[in-house]
Amino acid sequence: MTLPKAMSLTDEAARRAAALIAKSPKPVLGLRVGVEQGGCSGLTYKIEYAEERLPHEEVVEDKGVRIFIEPKALMYLLGSVMDYRENKFESGFVFDNPNETGRCGCGESFSVRDMKPGS
């Protein structure tokens, strides 16, 4: 049985990620995706360059791009699709995350169901 990928990328996200990796001022292996406390809904996504693989990170290779998922973020991101959108007012990576239970009005933060055992 093959397990599904922890996360996948749209064509636009893969193109933008590849362009960012190519423009990095230092050699990098890919992009690192995580979540951190913040925003009015509780959690925010974070994306940074990955210069090395950290212990216990999940590695997703999709459309020629390598994404490293922080261990503590995996349960929040499982099954997500990373996209890149650009319009005349904003541009950036966005996530279609099946684990989200709410999102703030500006779209900068999200919430998930309490993932403690028994909840």
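Extension gain for S91 to K63 (0.36 nm times residue separation, less C-alpha to C-alpha distance): 8.0 nm. Amide H contacts for L29 (H built 1.01 Å from N in the peptide plane; partners 5 or more residues away or on another chain; cut-off under 5 Å): A50, E51, E52.
Here the average projected area of the convex hull drawn through the C-alpha atoms of segment 1-94 stands at 7.3 nm².
For G38, the residues 5 or more places off, or on other chains, whose built amide H falls under 5 Å of its own are L43, T44.
Label-to-label distance, H56 versus E100, with points set 7 angstrom from Cα along the beta-carbon direction: 2.7 nm. Partners of K46 within straight-line reach, counting aspartates and glutamates whose Cα lies under 12 Å from its Cα and excluding those fewer than 8 residues away in the same chain: E36, E70, E108.
Read-outs: derived from the displayed coordinates by stated rules, not from any lab. Just so it is clear, the model here is predicted, and its values are computed rather than measured. Virtual Cβ from ideal backbone geometry, glycine too; neighbours counted across all protein chains shown.
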